[in-house]
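Right, one structure below, let's go through it.
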Amino acid sequence: MTDKLLNIINQIADNIDSYPQDLVGASLATQELLNKVYLQLLDEMDYTNGYLAATQRNFDLINQVDTSINALFVKSPYLTGLTDYAKGMTTQVGLVGEYFGVLGKDISLPAYQTVIRNIQANAIDKLTEQAINNAFAKPLKDILNQSITTGTTRKEVIDSVTNFVTGTPELDGKLVKYVKQVSNDAFAVVDRQTSKYLAEQLGLDDWWLYAGGTVKDSRQFCIERHGHYYHRLEVESWVGLTWQGKAPVNEGTIFALLGGYNCQHIAMPVSIGIVPQEDIDRNIANGNYKP
């Protein structure tokens, strides 16, 4: 494999780590702003002898806070971070296209732009304000409503809200937790789906390199495969295996999900000319490849 191809692969792998991390950082800053909004809400609520009062006004205040939260999100570090994250996806797709260009492939396919836009949109949808509302605002509203109903003390409800919003020394706040879970997988899936789509369209989907490096918490499944070459049918056969962190997959999704949840590895299509002979021989023996 040429240095240029390796450099592109390394940049793709670095982006899978860096862009989601930047969005997590923006989420962390936004959590602090959100916490101030909710603490202000608690200051405005009715209390009886230090306990939240079950008044209509309190329930109304909880329902009205959505307006303040929506206004905050529009100007929040999170929205800026999400914009940069989306631009990062475009950069990533460009790198994948550059990779195929180095291989001498023309990616100006009739439906290419439409397919890529749909892939990116599906990923971003999981991180939009509506998705955040479902993962963050609604559960918090349930906490507040329950606190009123049960007559929680002022200190208890402040602790509950703060722990939910900003987290504890041991646990992430809800927004950061959600973004960590979703942003890594969504970004990686865009990259992998783009590679798989182009490989299929351009007749380059038989041989694949499992790449992306390893980190301290890489799962054994990925460590064993990193840097090795596989035939498409071998990759599809992994569906039948079991490993820690595996996501629900089938033969149609294994290339998008690879090692599973939070996997930062990539599968890049390669020409048979750079596949080690031992890998070719293995696939001749198992019936995957006929010279």
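Annotations for the structure displayed:
- In the set (1) aliphatic (A, V, I, L, M); (2) farther than 21 Å from Ile12 by Cβ; (3) modelled with pLDDT of 95 or more, the condition left unmet by Leu209 is number (2).
- Among the candidates Leu39, Leu23, Leu61, Leu79, residue that is modelled with pLDDT under 95, touching a Leu at 6+ places or on another chain (Cβ under 7 Å) and assigned by TED's automatic domain parsing to the domain that holds Ala186: Leu61
- Entry remark, segment 162-216: residues being over 30 Å from Lys36 (Cβ atoms), among the polar types (S, T, N, Q) and more than 16 Å from the chain's Cα centre (by Cα) number 3 in total.
- Scope segment 38-62; condition surrounded by 15 or more Cβ atoms within 10 Å (Cβ to Cβ) and within 35 Å of the chain's Cα centre (by Cα); matching residues: Tyr38, Leu41, Leu42, Phe59, Leu61, Ile62
- Filtering segment 101-117 to residues that are assigned to a loop (DSSP other than H, G, I, E, B) and surrounded by 12 or more Cβ atoms within 10 Å (Cβ to Cβ) leaves Leu103, Lys105, Ile107, Leu109.
- Matching residues in segment 240-269 - criterion: being in a helix (DSSP H, G or I) and within 21 Å of the chain's Cα centre (by Cα): Ile254, Phe255, Ala256, Leu257
Each row is one residue, and each column tells you yes or no for (1) assigned to a strand (DSSP E or B); (2) free of Cβ contacts under 8 Å to residues at least 40 places away in the same chain; (3) assigned by TED's automatic domain parsing to the domain that holds Ile69; (4) not small (Gly, Ala, Ser).
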position	(1), (2), (3), (4)
Asp142	no, yes, yes, yes
Asn145	no, no, yes, yes
Ile158	no, no, yes, yes
Asn163	no, yes, yes, yes
Glu170	no, yes, yes, yes
Phe187	no, no, yes, yes
Gln193	no, no, yes, yes
Ala199	no, no, yes, no
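- Any chance Val65 is buried (at least 16 other Cβ atoms within 10 Å of the Cβ) and among the β-branched types (Val, Ile, Thr): yes
- The set of residues from segment 239-291 being within 30 Å of Asp17 (Cβ to Cβ), surrounded by 13 or more Cβ atoms within 10 Å (Cβ to Cβ) and without any contact (Cβ under 8 Å) to a residue 12 or more places away in the chain comprises Val249, Thr253.
- Answer residue from segment 124-139, given it is assigned to a helix (DSSP H, G or I) and at pLDDT 90 or above and is farthest from Asn58 (Cα to Cα) among those: Ile124
- Given (1) of a type outside the set (Phe, Trp, Tyr); (2) closer than 30 Å to Ser183 by Cβ; (3) touching a strand residue (DSSP E or B) at 6+ places or on another chain (Cβ under 6 Å), number of the condition Asp66 does not satisfy: (3)
- Scan segment 77-100 for residues that are surrounded by 21 or more Cβ atoms within 10 Å (Cβ to Cβ) and either free of Cβ contacts under 8 Å to residues at least 60 places away in the same chain or under 16 Å from Thr194 (Cα atoms) (or both) and the total you get is 8.
- Selection within segment 101-112 - in contact (Cβ under 8 Å) with a residue 24 or more places away in the chain and among the hydrophobic types (A, V, I, L, M, F, W, C): Val102, Leu103, Ile107, Leu109
- For the residues Asp217, Asp205, the requirement of being assigned to a loop (DSSP other than H, G, I, E, B), in contact with a helix residue (DSSP H, G or I) (Cβ under 6 Å, 6 or more places away or on another chain) and surrounded by fewer than 23 Cβ atoms within 10 Å (Cβ to Cβ) singles out Asp205.
The values are calculated or read from the model by the stated rules, or taken from the named source; none is laboratory data. Note that this is a predicted model, so its numbers are computed, not measured. Glycine also receives a Cβ, built like all others from the backbone with ideal geometry; neighbour counts cover every protein chain displayed.
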